[in-house]
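What follows is a set of notes on a single structure, which appears directly below.
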Amino acid sequence: METSFYTEEELLKIGFKSVGQKVLISKKASFYSPEKISIGNNVRIDDFCILSGQITIKNNIHIAAYCALYGGGGIVMEDNSGLSPRCTLLSATDDFSGEYLVGACVDDKYRHLIKGTITLGKYSQIGSCTTILPNVEIGEGAAVGAMSLVNKSLPEWSICFGIPAQKHKDRKKTCCNLSNPQ
């Protein structure tokens, strides 16, 4: 039976740093430097996603269609975090202060790159069309609303949104039954 996801054998041939069990990756996703990408257990990556650079995807994670993860400064997605469609994570980006030229085809002596790890904490969820910039930590359990720009770290168990994203209220830990583990 034909499937739109890679088989286990095909995943191994891509050359990821590591791949866990129960991994579903669309054949329409693109990977650059897969030897720098680690993928945990129970992970699904949907159509038209781009993953490039130093990326660690832990367990129980869904990356929805059209997401782009640029890991030049490093990206870590902790257990049970997720990305809704069309999210962009830029762990390295040009300096747009106006003091430098920008663009991948510009000689490096005229550019200034800003790099820093992006970390999505456990149980965090990022809404559709959100952009996350370098040096940002999304706290455990934080939820970011659609079409937000995250340019600074966000607190644990908060609901944040906007341009730039700001905390608007607390998120209850009971949404995941975390306050009463069994």
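The values are calculated or read from the model by the stated rules, or taken from the named source; none is laboratory data. Fair warning: this is a prediction, and the values are worked out from it, not measured in the lab. All Cβ positions, even for glycine, are placed from backbone atoms using ideal geometry, and neighbour counts span all protein chains on display.
Do we have any residue at all in region 69-81 that's touching an Asp or Glu at 6+ places or on another chain (Cβ under 6 Å), charged (D, E, K, R), in a loop (DSSP other than H, G, I, E, B) and crowded, with 18+ Cβ neighbours inside 10 Å? I'd like the intermediate steps shown before the answer.
First pass over region 69-81, keeping only residues touching an Asp or Glu at 6+ places or on another chain (Cβ under 6 Å): none.
No - not one qualifying residue is present in region 69-81.
Can you tell me which residues in region 162-180 are surrounded by fewer than 19 Cβ atoms within 10 Å (Cβ to Cβ) and either among the aromatic types (Phe, Trp, Tyr) or modelled with pLDDT of 95 or more (or both)? It would help to see each step written out before you state the result.
So the first thing to find is which residues in region 162-180 are surrounded by fewer than 19 Cβ atoms within 10 Å (Cβ to Cβ), and the list is 162-164, 166-170, 172-180.
Residues satisfying the conditions are Gly162, Ile163, Pro164, Gln166, Lys167, His168, Lys169, Asp170.
Looking only at region 13-36, decide whether some residue is β-branched (Val, Ile, Thr) and within 15 Å of Leu120 (Cα to Cα). Full working, then the answer.
Here is the first cut: in region 13-36, the ones β-branched (Val, Ile, Thr) are 14, 19, 23, 25.
Of the ones still in play, those that are also within 15 Å of Leu120 (Cα to Cα) are none.
No.
Being basic (Lys, Arg) and under 21 Å from Gly71 (Cα atoms) narrows it down to one of Lys167, Lys152, Lys172, so name that one.
Working: Lys167 fails: under 21 Å from Gly71 (Cα atoms); Lys172 fails: under 21 Å from Gly71 (Cα atoms).
Just one listed residue meets the conditions, Lys152.
Table: residues versus (1) free of Cβ contacts under 8 Å to residues at least 60 places away in the same chain; (2) assigned to a strand (DSSP E or B); (3) more than 13 Å from Lys122 (Cβ to Cβ); (4) out of contact with any Cys (no Cβ under 9 Å at 6 or more places or on another chain).
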| site | (1), (2), (3), (4) |
| --- | --- |
| Pro134 | no, no, yes, yes |
| Glu156 | yes, no, no, yes |
| Cys160 | yes, yes, yes, yes |
| Lys167 | yes, yes, yes, no |
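Which of the residues spanning region 40-53 are crowded, with 21+ Cβ neighbours inside 10 Å and either over 19 Å from Thr117 (Cα atoms) or in contact with a Cys (Cβ under 7 Å, 6 or more places away or on another chain) (or both)?
To start, the set of residues in region 40-53 that are crowded, with 21+ Cβ neighbours inside 10 Å comprises 43, 45, 49, 51.
Once the filter is applied, which keeps residues that are crowded, with 21+ Cβ neighbours inside 10 Å and either over 19 Å from Thr117 (Cα atoms) or in contact with a Cys (Cβ under 7 Å, 6 or more places away or on another chain) (or both), region 40-53 yields Val43, Ile45, Cys49.
Given the condition in a strand (DSSP E or B) and farther than 21 Å from Gly145 by Cα, answer yes or no: does some residue in region 115-123 qualify? Please lay out each step first, then the result.
Narrowing region 115-123 to residues in a strand (DSSP E or B): 115, 118-120.
Going one step further and asking which of them are farther than 21 Å from Gly145 by Cα, we end up with 115.
Yes, region 115-123 contains at least one residue that is in a strand (DSSP E or B) and farther than 21 Å from Gly145 by Cα.
Return yes when Leu11 is outside any helix (DSSP H, G or I) and either among the hydrophobic types (A, V, I, L, M, F, W, C) or modelled with pLDDT of 95 or more (or both) and no when it is not. Even if it seems obvious, please write down each step before you answer.
Working: outside any helix (DSSP H, G or I): no; either among the hydrophobic types (A, V, I, L, M, F, W, C) or modelled with pLDDT of 95 or more (or both): yes.
The answer is no for Leu11.
With the checklist (1) assigned to a loop (DSSP other than H, G, I, E, B); (2) within 25 Å of Gly116 (Cα to Cα); (3) of a type in the set (Val, Ile, Thr) in hand, flag the one item Thr56 doesn't pass.
Among (1) assigned to a loop (DSSP other than H, G, I, E, B); (2) within 25 Å of Gly116 (Cα to Cα); (3) of a type in the set (Val, Ile, Thr), Thr56 violates only (1).
Residue-by-condition table, conditions (1) touching a strand residue (DSSP E or B) at 6+ places or on another chain (Cβ under 7 Å); (2) under 19 Å from Val19 (Cα atoms); (3) at pLDDT below 95:
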site: Val76; (1), (2), (3): yes, yes, no
site: Ser84; (1), (2), (3): yes, no, no
site: Leu90; (1), (2), (3): yes, no, no
site: Glu99; (1), (2), (3): no, no, no
